[in-house]
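The values are calculated or read from the model by the stated rules, or taken from the named source; none is laboratory data. These numbers were taken from a predicted model, which means no experiment stands behind them. Glycine gets a Cβ as well: all are built from the backbone with ideal geometry, and neighbour counts include every protein chain shown.
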Amino acid sequence: MEWVLSVRAEWLTPVMKIFTFLGDEEFFLLFLPLAYWLWRKQVMGRVGMVLLFTFVLNAIIKGIFQVPRPDVIEHLVHADDWSFPSGHSQGAMVLWGWLAYELKDKRAYLIASILIAGVGFSRIYLGVHYPTDVLGGFLIGFITLFIYSWLLKSSPQGWLHLGPTRQSLIIFVLLMGLFMLVPELSEVAIKGGAAFIGFMTGYLHEKKYLKCSLKPGMNLVISKLVLGLAGIILIWMGLKQVFISIGYTTDMAMFIRYTLLGAWISFGAPYLFCQFGWNLENK
């Protein structure tokens, strides 16, 4: 890892921090809902489910291997969980890789490749991951995309006939089974699992039950942003303060908060958009 010191430069460090921000929780709390509400709802619904699942998978694998972070060079950003595999690299592969796959455009693949490589290298440059962590994250992310693509294409009729509520319950039970594989769940696993369950349940129900028509206009875009982001802030930060004020700071409190956050993004906000006549059933 000492070789990283030879490539560090004052001008390059801010660039690497920007790349690594593309894998931070704050980035996903902005990018996922805004793209879901304002761009292509069905595309971002599929992206959201596989992205949130891969965070859970990453946290579980980290809990199994429990590889410490590099300690031979200075960390330029904060990182306090296990090292292998890199969650930022795995998330970048899944997010940008799936978007490029959905768009099926050469420019999309080029941009995705740059972003994936940039995020991965930034984690090594900033001193918080070994190269093997990044490569492992890329590989697991790619395998996740391959399996996810196959599952979407297969779509067995029996599964489709179950309906969104029973589908959500089955996936919830399977997720709890995955959690049992890890002796001690990390905060990332709890947050990711809760957000995945909330987002997935909301998306499946929204896809079936909410039907809206387009009413274009910049004023409606602004209205969506204000209402949607206000809901995120109230759940993400406001509800956290409520729980702290009553002394309820358990893992269950965190699970509740992130489940509601995922459900707000995929169902709560779109439901209100429909009621106000703001929404479009984007394909």
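Among the candidates Phe138, Phe199, Phe172, which residue alone is surrounded by fewer than 18 Cβ atoms within 10 Å (Cβ to Cβ) and among the aromatic types (Phe, Trp, Tyr)?
Working: Phe138 fails: surrounded by fewer than 18 Cβ atoms within 10 Å (Cβ to Cβ); Phe199 fails: surrounded by fewer than 18 Cβ atoms within 10 Å (Cβ to Cβ).
After ruling out the rest, the residue left standing is Phe172.
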- Message: Of all residues being part of a helix (DSSP H, G or I) and of a type in the set (D, E, K, R) in the stretch 8-27, which is nearest to the chain's Cα centre (by Cα)? Just the residue, please.
- Response: Glu25
- Of all residues in the stretch 141-163, which are surrounded by 20 or more Cβ atoms within 10 Å (Cβ to Cβ) and among the polar types (S, T, N, Q)? Thr144
- Query: Got a sec? Which of Asn219, Asn279 is at pLDDT below 90, surrounded by fewer than 19 Cβ atoms within 10 Å (Cβ to Cβ) and not small (Gly, Ala, Ser)?
  - Reply: Asn219
- Task: Report, by residue number, each residue of the stretch 37-92 that is free of Cβ contacts under 8 Å to residues at least 40 places away in the same chain, under 25 Å from Thr259 (Cβ atoms) and in a helix (DSSP H, G or I).
- Result: Met44
- In the stretch 35-51, what residues are of a type in the set (Lys, Arg) and more than 16 Å from Val94 (Cβ to Cβ)? Arg40, Lys41
- Out of Leu38, Leu76, Leu30, which single residue is closer than 20 Å to Tyr130 by Cβ and either modelled with pLDDT under 90 or not aliphatic (A, V, I, L, M) (or both)? Leu76
- Message: Looking only at the stretch 38-65, how many residues end up being buried (at least 22 other Cβ atoms within 10 Å of the Cβ), out of contact with any Phe, Trp or Tyr (no Cβ under 6 Å at 6 or more places or on another chain) and within 29 Å of Val221 (Cα to Cα)?
- Response: 2
- Message: Residues that are at negative phi, in contact with a Leu (Cβ under 8 Å, 6 or more places away or on another chain) and at pLDDT 85 or above: does the stretch 177-191 have at least one?
- Response: no
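Quick one: how many residues across the stretch 175-204 are without any contact (Cβ under 8 Å) to a residue 60 or more places away in the chain and under 24 Å from Gly268 (Cβ atoms)? Break it down stepwise before answering.
Pass one, the stretch 175-204, residues without any contact (Cβ under 8 Å) to a residue 60 or more places away in the chain: 176-177, 180, 204.
Subsequent filtering for residues that are under 24 Å from Gly268 (Cβ atoms) retains 176, 204.
Of the residues in the stretch 175-204, 2 are without any contact (Cβ under 8 Å) to a residue 60 or more places away in the chain and under 24 Å from Gly268 (Cβ atoms).
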- Message: Which residue is nearest to Leu204 (Cα to Cα), if the candidates are limited to the stretch 5-28 and must be in contact with a helix residue (DSSP H, G or I) (Cβ under 6 Å, 6 or more places away or on another chain) and surrounded by fewer than 19 Cβ atoms within 10 Å (Cβ to Cβ)?
- Response: Phe27
- Item | Per-region count, the stretch 72-117, residues closer than 30 Å to Glu184 by Cα and loosely packed, with under 15 Cβ neighbours inside 10 Å | 5
